[in-house]
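The values are calculated or read from the model by the stated rules, or taken from the named source; none is laboratory data. Since the model is a prediction, treat every value here as computed from it, not as a measurement. Because the Cβ atoms are built from the backbone with ideal geometry, glycine has one as well, and the counts that use them run over all protein chains shown. Calculation scope for accessible area: heavy atoms of the full protein, side chains included, ligands and nucleic acids excluded. Shrake-Rupley method; radii C 1.70, N 1.55, O 1.52, S 1.80 Å.
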Amino acid sequence: MTCSKCRSVELKNVEYAGLKYCKRHFIELITKRIRKDLRAREEITLDKTYYLLKENTPEFILTKYFLERIFGKYLKLTEVNTIKTKNMIIATNLDMETKQFLESYFTNTKYVEKHIRPLRTVTKEEIEKLCEILNIKGKPKKGLEFLEKIDNKYPGSKFSVLRSINHLKK
Ligand SMILES: [Zn+2]
């Protein structure tokens, strides 16, 4: 099989709605998803300076990578070692987001979304694939084990939880 968009070699275990993706088109797919989410949430504008919390994780490297792909050199981004109160960007993934959300749900505590998290729509499996393509070392952050099992049985479950989180925000 080849990429459904350009006939290049397809990536193994990557398929969305029956479509296959090559490296280039997979990165494009993830970029578009992140851009769409950031736009919908209106969290980043080019007239402000943003702070990215330094971390030794693939999510940190990928957050920088995608922000540069989306905004180019126009985004004013500074790496910091401590959390700032405003315009703070955090490295995350969808598994982490669903974990925080479900834990607050089960413990009956208020779910509060803090800071800007550009990779909130990207699963840890997608992070793994991106690491492979872009030659990034390290393991993605893990979410809840039971949700992983549910997602294996019913693919897309993580995205369903994300839709609930997005709903909550409105
Ligand atoms: Zn392609």
Legend entry - helices (runs of 4 or more DSSP H) (entirely within the stretch 69-170) containing at least 2 residues that are surrounded by 19 or more Cβ atoms within 10 Å (Cβ to Cβ): 94-106, 124-134, 157-169
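Every residue, every condition in (1) over 11 Å from the mean Cα position of the chain (by Cα); (2) modelled with pLDDT of 95 or more, yes or no:
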residue	(1), (2)
Lys86	yes, no
Asp95	no, yes
Lys99	yes, yes
Leu102	yes, yes
Lys114	yes, no
Glu126	no, yes
Leu147	yes, yes
Asp151	yes, yes
Gly156	yes, no
Legend entry - Residue, nearest to the ligand (Cβ to nearest atom), within the stretch 11-52, restricted to residues that are closer than 19 Å to Glu132 by Cα, modelled with pLDDT of 95 or more and open to solvent by 50 Å² or more (accessible area, probe 1.4 Å): Arg24
Inset, instruction - Tally the residues that are in contact with a strand residue (DSSP E or B) (Cβ under 6 Å, 6 or more places away or on another chain) and under 21 Å from Leu29 (Cα atoms), restricting the search to the stretch 91-130. - result: 1
Inset, instruction - Please enumerate the residues belonging to the stretch 1-35 that are under 22 Å from the mean Cα position of the chain (by Cα) and of a type in the set (A, V, I, L, M). - result: Leu11, Val14, Ala17, Leu19, Ile27, Leu29, Ile30, Ile34
Inset, instruction - Confirm whether Ile61 is within 16 Å of the ligand (Cβ to nearest atom) and in contact (Cβ under 8 Å) with a residue 60 or more places away in the chain. - result: no
Legend entry - Selection within the stretch 40-76 - over 28 Å from His167 (Cβ atoms) and of a type in the set (Gly, Ala, Ser): Gly72
